[in-house]
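**Q** My questions all concern the structure below.
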Amino acid sequence: MSVSDSYGEGVTDSPPTSVDVILPCLDEAAALPWVLERIPEGWRAVVVDNGSTDGSPALAERLGATVVHEPRRGFGAACHAGLLAAE
């Protein structure tokens, strides 16, 4: 089935072929293994490090996530960097 929206025609309700999951991160080493293990196969985890000091970025990379570094502090800045890195 296809639906039209304000952006034009041809938008379908079929599932996307790939999904990027953006995970803003500030000192989340304790939580990252649990979260990343639950990302469905075929989806890409994009961990946006926002200045962690607990080794979160290296851990995320070891667990298979794509890591983006955002030096500007704040959840919004991290989310924006993740959206820019998303495919």
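**Q** For segment 28-62, what are the residues that are closer than 19 Å to E87 by Cβ and either polar (S, T, N, Q) or open to solvent by 20 Å² or more (accessible area, probe 1.4 Å) (or both)? Even if it seems obvious, please write down each step before you answer.
**A** Restricting attention to segment 28-62, the residues satisfying the condition of being closer than 19 Å to E87 by Cβ are 36, 39-49, 60-61.
Matches in segment 28-62: L36, I39, P40, E41, G42, W43, R44, E61.
**Q** Additional query: Just need a number here: residues in segment 63-87 that are over 16 Å from V21 (Cβ atoms) and exposed (fewer than 12 other Cβ atoms within 10 Å of the Cβ).
**A** 4
**Q** Within the set of pairs 6 or more residues apart or between chains, which connect a residue that is among the charged types (D, E, K, R) inside segment 60-87 to a residue that is modelled with pLDDT under 95 with Cβ atoms less than 9 Å apart?
**A** E87/S18
**Q** Also, I was wondering about something else. Considering only strands (runs of 3 or more DSSP E) fully contained in the chain, which possess at least 3 residues that are at pLDDT below 95?
**A** 2-5, 8-12
The values are calculated or read from the model by the stated rules, or taken from the named source; none is laboratory data. What you see is a predicted model, and the numbers here were worked out from it, not measured in a lab. Positions of Cβ are backbone-derived with ideal geometry, glycine not excepted, and every protein chain shown enters the neighbour counts. With ligands, DNA and RNA removed, areas are computed over all heavy atoms of the protein, side chains included. Shrake-Rupley method; radii C 1.70, N 1.55, O 1.52, S 1.80 Å.
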